[in-house]
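The values are calculated or read from the model by the stated rules, or taken from the named source; none is laboratory data. Keep in mind it's a predicted model, so treat the numbers as computed, not measured. Every residue, glycine as well, gets a Cβ built from its backbone with ideal geometry; the counts of neighbours run over all protein chains shown.
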Amino acid sequence: MAFQPIATTRTVMGMPTARLAIWWLVVSEIVIFGGILATYLMHRLGHPEWANYAVHTNVYAGGFNTFVLLTSSVFAVLAHDAASQGDGKKAAKLLSGTLVCAVMFLCIKGYEWSVEISHGYTITANGFWSFYYTAAGVHGLHVIIGGIIMAWIAKDAYQNKYLHRVELVGIYWHFVDLVWIFLFPLLYIAK
Amino acid sequence: MIDLLVQRASTYAADIDNLILLITVITGVWFFLTEFVFFGLLWKFRYQEGKPAQYVTGKEKHLKKWINWPHFLVICCDLIIVVAAVQVWYNVKQDMPEVEKEIRVVGQRWAWSFVHPGADAELGTDDDIKTVGELHIVSNEVYKFNLESRDVMHSFSVPVFRLKQDAIPGRVIQGWFEANAIGQFDIQCAEMCGIGHGIMGAQLFVDTPEEHAAWIAANSN
Amino acid sequence: MSATAHDDHHHGPTFAEIWLLQSTDHKMIGKQYMFIGMFMGLIGAYFAYAFRMQLAFPGVNVPGFGTVSPLEYNALVTNHGTIMIFWVAMPVLIAAFGNFLIPLMIGCDDMVFPRLNRLSVQIFLASAIVLIASFFVHNGGFGGAWTAYPPLSAKAEYNLTPLGSTLWLLAVVLEFAAFLIGGINFITTAMNARAPGMKALDVPMVVWMICIASLLFMASVGPLVAGAVMLLFDQVLGTGFFDPDKGGGPVLWQHLFWFFGHPEVYVVLLPACGITAEIITVFSRKKLFAYKTILYTVIGTGVLSFFVWAHHQFISGIDPRMANVFTITTVLISIPIAEMMFLFIATLYGGSIRFTTPMLWALSFIAEFLIGGVTGIFLGSSGADIYFHDTYFVLAHFHYTFFPIAIIGTFAALTFWFPKMFGRMMNDTLGKIHFWGTIIPFNFIFIPLFYLGAAGQHRRIYNFNHYPQLATPDLQALRVLATVSLLVMLSFQAVFIYNMLYSMFRGKKAPNNPWNANTLEWSCPSPPPHGNFGDELPNCYRGPYEYSVPGRDEDFWPQNLPN
Amino acid sequence: MGSDGESHAAHYKKIYVILLGLLAVSLIGPYFGEKFDMMWLTLITAFGIAFVKAWLVLKHFMHVDVERPFIHYALITGVGFMVLFFAGVSPDVMKHEGTNWENVGAKAEIARALAEAEAGGGHGAHGEAAAHGDDADAHDDAAEHKAPAH
């Protein structure tokens, strides 16, 4: 790294600085997704008619996407395990497994959305679909950003450089998976 | 205290003014006391040659009590203020006394329009009188208003009544007032509603029963 | 703005580092935040000048602006508020002094993530450019109040500034992104990169305050980021989150906004309190009175600030029963802040107070903020707020809190740390002239506005002769007095700008520790070189406020001295 | 972290299998819950299992249990603020009337949508609000079983 300040190496709180920062990033993401989900939940409880709209969400696509994200999470944690033993190549291969799952997740979502939009359930159709696209959209954006950063880290890891970052992007990735674990029942199953 | 600036023209105006007076007295006492102590300390402990500063950690009992006692008294004053405020709030905003007349107030981009009950004192009948920019009411009668907005958020504010309630598009909000002073007063919009927010005033006419009857006769077709 | 050459840095900061925000040095980034903030402050002051002239002399051709149309008036008022809070108070108080002071005060060489720090200032500059751009689009800047209540902010047919509204919202979201990244950097640095031997209670109060402020910002901005995405979709795509015709509700935005809004005012208040604590201890040569209690009141205020948000909405459509809950929590939160003010005043007891310019600013912060705090009780109690909501009383209240925070706090910090930031001393007499020239007119602006607010004058009305009860000569005289006082105050700012620019290049050379203070930033050369403390970083042996310790010949005991 | 490397990977794979099992249950549960109209079954399987899965990911993948305690406080505080936000906002957004106010806009919207669902409803084909205007032309083809309005 061009210039690494001594400050970054200090661990007064007993944990590496980078991991501390990632946890703070996760806290700030909790309040963002928390804001969307709390608002969505209020509307779902206040608008019984949304159940009729929610019927048209494709549970099978959502369920399969959950399976895809869980698989990507297990790849990420295996990659972290490999990185903690210094095996950069194996970590990079496992991270690329996560990335494949991420791309698959986005493709399924793309297909799912195109079907729904063709049926006329656009974001401006009604309140439910507005929240559906906003929540899943913000989550999808986080999957894309996470994927790009993970690809960068995997490239470095392949040359055994900055292996500690594999764990960091893993924590972020597991959080994005966690958000989907809550998003899936709220959007798809609550009929 | 507020009545020195703005006339009291509704029954609960006095309650709100007295609450404001109570808060003024309590906070005024604490404010001047604190500023006095503040400037006193500045003067007493200003830099003087050969008089070094003391080493005070803040754990000394005799000094801490000078903080804890005022702090405790501030908490007591706060409780008094809260109880008084919630009481006034309950009377004005939550409790609805038995209503003699009902009017509809509609806020829209840049004018207030009113629907008066008309001769039969019943709202919703076809003899209602609709006016724009003018509200005619009788003094010493409890009026209930149904406040709504057609487009953006407005706020129905009658300073002489100490009345203020935002009009939310999509909602009907009720409130009440009882005038006890005759005259013509201002109605203002108290929520930013776009380019014409400044010209959205209306006039409130509090009439005697005779004047009101004459006005109804003149206006019901 | 070329800082003197750093000794171990083979050349001074390059042109790109200064002007194209390429530097990763926390001190350079701090100065960049400060100068962007001050530039935006000039724009905010210019807007205030323009609409205050319109209020005092309705319809006049304002010199330097022209006649103010109602649409322009709304845009001026809205963007004055937005700029002063998001682009002046936060960058200067949190980002500028946070960036400059935190690494120096906890004895490390830079922020833990220097490149992330550079990214945050670049995003912040982008947000400032986007906001300025929103003034020049069709129909001008967004005019729906800085709180941007929908449906006015959501529908172009209502606010008539479709481009301006969306650009305004994008600028605010970019500013949030900059401060989220910056905030995480501050908190992680302060937590993990402290000097060896510096326990949690040895950290200077301003570092605690800036970190707690960043924490409050990060925890409260989440729902508003979600709200901003919804409002953006409402504006651009036509969704119905806040559109009553499509089942949405404007009250939802109010809650999303004020859940962020109230912690936000404590986000800007706490750094100013920290700066005041640093300065009054140095210039009264006194230990801070009850450091731990102050810390608990700060944490208490921070947590409580999440429970009070609906006192902004007592009469704007929430359920009246909720107002009682929020009255209680609002009056409750005045207690920790009152306690903190008492403890600051108690710090002066037994001191040897020197009235230098920074001390005058810090003391005036306490004196003026008390007025702001006291008038908050009127607005926090629901019964009185029925009358005062959205009147000039509210406006005067929050100017008595925001002005001490953003302007007095900034001048206090800048005059105090100027020697360390630029390596030169400011002229003290000019400093005092500027102080009195700002403080006295400030009171003559806002005391009349309290009076006007009590007389029932409501906010954001550009011409009061539509209201017979408000168009009386004596009320108009008060508006003229407030405007004239504003003109006087703005003219005195020229004294400050001259003093700052002159001193930056030709001021007297500053020693390392001009004020004989204890904290670590005074133990390194001024301006500090790249890497701050040269070859090895200092250790910390005691608390930051060991002044006038009995049995020592000198009345200060720097943190880094072993004995 | 634990004994030698090999058992780690196996440990993570074991957790992964449990997660997949829970996912299957959370899919089958609501299917039966709807068929036999057992609302509680849908709730428990869909949401209850979501919390269990969340805890498994937190514990085993993010190692939050071995993390420093202040990280736990930070995460819990974040979630706590969202619960507080829900509590403070729901009386105005979830409910459509209260003391002295009534959200006629939302009620009208709900009534219209439910009436429309009823009109288009009947067993089988399911009407829905395609374009939001009044002329809702139901053209939904995928016949799904009628959803219980919970």
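Conditions (1) more than 8 Å from chain C (Cβ to nearest Cβ); (2) charged (D, E, K, R); (3) under 30 Å from C:PRO250 (Cα atoms); (4) surrounded by fewer than 23 Cβ atoms within 10 Å (Cβ to Cβ), marked per residue:
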residue: A:THR9; (1), (2), (3), (4): yes, no, no, yes
residue: A:LEU41; (1), (2), (3), (4): yes, no, yes, yes
residue: A:ASN52; (1), (2), (3), (4): yes, no, yes, no
residue: A:ALA61; (1), (2), (3), (4): yes, no, no, yes
residue: A:PHE64; (1), (2), (3), (4): yes, no, no, yes
residue: A:THR71; (1), (2), (3), (4): yes, no, no, yes
Over segment C:334-374, the set of residues over 19 Å from C:TYR266 (Cβ atoms), in contact with an Asp or Glu (Cβ under 9 Å, 6 or more places away or on another chain) and at the interface with another protein chain (Cβ under 7 Å from one of its Cβ atoms) is C:SER352, C:ALA367
Scanning segment C:54-83 residue by residue, those surrounded by 21 or more Cβ atoms within 10 Å (Cβ to Cβ) and touching a Gly at 6+ places or on another chain (Cβ under 9 Å) turn out to be C:VAL68, C:GLU72, C:TYR73, C:ASN74, C:ALA75, C:LEU76, C:VAL77, C:THR78, C:ASN79, C:HIS80, C:THR82, C:ILE83
Within segment A:53-111, residues outside any helix (DSSP H, G or I) and either charged (D, E, K, R) or closer than 16 Å to A:LEU187 by Cα (or both) come out as A:VAL55, A:HIS56, A:THR57, A:ASN58, A:ASP87
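Please work out which residue is surrounded by the fewest Cβ atoms within 10 Å (Cβ to Cβ), limiting yourself to segment B:106-143 and to residues that are more than 23 Å from B:HIS154 (Cβ to Cβ) and among the acidic types (Asp, Glu).
Filtering first and then ranking leaves B:ASP126.
One line per residue, one yes/no per condition, for (1) part of a helix (DSSP H, G or I); (2) under 20 Å from C:PHE403 (Cα atoms):
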{"position": "C:LYS432", "(1), (2)": "yes, yes"}
{"position": "C:GLY437", "(1), (2)": "yes, yes"}
{"position": "C:PHE442", "(1), (2)": "yes, yes"}
{"position": "C:PHE446", "(1), (2)": "yes, yes"}
{"position": "C:TYR451", "(1), (2)": "yes, yes"}
{"position": "C:GLY456", "(1), (2)": "no, no"}
{"position": "C:GLN469", "(1), (2)": "no, no"}
{"position": "C:GLN476", "(1), (2)": "yes, no"}
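When you scan segment C:258-281, do you find a residue that is part of a helix (DSSP H, G or I), under 21 Å from B:ARG171 (Cα atoms) and in contact with a helix residue (DSSP H, G or I) (Cβ under 6 Å, 6 or more places away or on another chain), even just one? Give the derivation first.
Just the residues of segment C:258-281 that are part of a helix (DSSP H, G or I), to begin with: C:258-281.
Restricting the remaining residues to those that are under 21 Å from B:ARG171 (Cα atoms) gives C:258.
Filter once more, so that each one left must be in contact with a helix residue (DSSP H, G or I) (Cβ under 6 Å, 6 or more places away or on another chain): C:258.
The answer is yes, given that some residue of segment C:258-281 is part of a helix (DSSP H, G or I), under 21 Å from B:ARG171 (Cα atoms) and in contact with a helix residue (DSSP H, G or I) (Cβ under 6 Å, 6 or more places away or on another chain).
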Within segment A:94-118, of all residues that are closer than 22 Å to C:VAL236 by Cα and surrounded by fewer than 16 Cβ atoms within 10 Å (Cβ to Cβ), the one farthest from the other protein chains (Cβ to nearest Cβ) is A:GLY110
Scanning segment D:100-120 for residues that are at the interface with another protein chain (Cβ under 8 Å from one of its Cβ atoms) and farther than 17 Å from C:GLY240 by Cα, the one modelled with the lowest pLDDT turns out to be D:ALA117
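Within segment B:145-177, can you find the residues that are assigned to a strand (DSSP E or B) and either hydrophobic (A, V, I, L, M, F, W, C) or surrounded by fewer than 19 Cβ atoms within 10 Å (Cβ to Cβ) (or both)?
Correct list: B:PHE145, B:ASN146, B:LEU147, B:PHE156, B:VAL158, B:LEU163, B:ALA167, B:VAL172, B:ILE173, B:GLN174, B:TRP176, B:PHE177.
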Of all helices (runs of 4 or more DSSP H) fully inside segment D:1-64, the set with 3 or more residues that are at pLDDT 85 or above, surrounded by fewer than 19 Cβ atoms within 10 Å (Cβ to Cβ) and of a type in the set (Val, Ile, Thr) is D:5-35
Residue set D:VAL17, D:VAL57; condition of a type in the set (Val, Ile, Thr) and within 24 Å of A:ALA18 (Cα to Cα); output residue D:VAL57
The helices (runs of 4 or more DSSP H) lying wholly within segment C:38-143 that contain at least 2 residues that are over 15 Å from the mean Cα position of the chain (by Cα) and among the polar types (S, T, N, Q) are C:70-82, C:114-136
Filtering segment C:294-331 down to residues that are in contact with an Asp or Glu (Cβ under 8 Å, 6 or more places away or on another chain), in a helix (DSSP H, G or I) and within 7 Å of chain B (Cβ to nearest Cβ) yields C:VAL331
Is there a residue being outside any helix (DSSP H, G or I) and farther than 26 Å from D:ILE71 by Cβ anywhere in segment C:160-169?
yes
Log entry, pairs with first residue in segment B:106-131 being farther than 28 Å from C:HIS466 by Cα, second being outside any strand (DSSP E or B) and among the aliphatic types (A, V, I, L, M), beta carbons closer than 6 Å, six or more apart or on different chains, reads B:ALA119/B:ILE216; B:ASP127/B:ALA119
Taking segment C:150-168 and the residues there that are surrounded by fewer than 24 Cβ atoms within 10 Å (Cβ to Cβ) and under 27 Å from the mean Cα position of the chain (by Cα), the one that is farthest from the other protein chains (Cβ to nearest Cβ) would be C:LEU167
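Out of the residues in segment B:94-124 meeting the condition of being among the basic types (Lys, Arg) and not in a loop (DSSP other than H, G, I, E, B), tell me which one is modelled with the lowest pLDDT.
B:LYS101
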Exercise. Does any residue of segment C:277-284 turn out to be among the aromatic types (Phe, Trp, Tyr), in contact with a His (Cβ under 8 Å, 6 or more places away or on another chain) and surrounded by 21 or more Cβ atoms within 10 Å (Cβ to Cβ)?
Worked result: no
The residue that is surrounded by the most Cβ atoms within 10 Å (Cβ to Cβ), considering only those in segment B:1-26 that are hydroxyl-bearing (Ser, Thr, Tyr) and touching a residue at least 24 places away in the same chain (Cβ under 8 Å), is B:SER10
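Residue-by-condition table, conditions (1) of a type in the set (Asp, Glu); (2) touching a helix residue (DSSP H, G or I) at 6+ places or on another chain (Cβ under 6 Å); (3) within 7 Å of chain C (Cβ to nearest Cβ):
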| position | (1), (2), (3) |
| --- | --- |
| B:ILE2 | no, yes, yes |
| B:LEU5 | no, yes, yes |
| B:ILE20 | no, yes, yes |
| B:ILE26 | no, yes, no |
| B:GLN54 | no, no, yes |
| B:LYS65 | no, no, no |
Of (1) aliphatic (A, V, I, L, M); (2) at the interface with chain B (Cβ under 7 Å from one of its Cβ atoms); (3) surrounded by fewer than 24 Cβ atoms within 10 Å (Cβ to Cβ), C:ILE377 satisfies every one except (3)
Residue pairs within 6 Å by beta carbon, gap of at least six or interchain, first lying in segment C:535-551 and away from chain B (no Cβ under 13 Å), second not in a loop (DSSP other than H, G, I, E, B), listed first then second, are C:PRO538/C:LEU520; C:PRO538/C:SER523; C:CYS540/C:ASP202
When every residue in segment A:174-190 that is among the aliphatic types (A, V, I, L, M) and part of a helix (DSSP H, G or I) is compared, the one modelled with the lowest pLDDT is A:ILE189
**OP:** State yes or no: is C:PHE242 among the aromatic types (Phe, Trp, Tyr), more than 9 Å from chain A (Cβ to nearest Cβ) and outside any helix (DSSP H, G or I)?
**Re:** yes
Checked segment B:182-219 for anything assigned to a loop (DSSP other than H, G, I, E, B), over 14 Å from B:ILE137 (Cα atoms) and of a type outside the set (A, V, I, L, M, F, W, C); matches are B:GLU191, B:GLY194, B:GLY196, B:GLY201
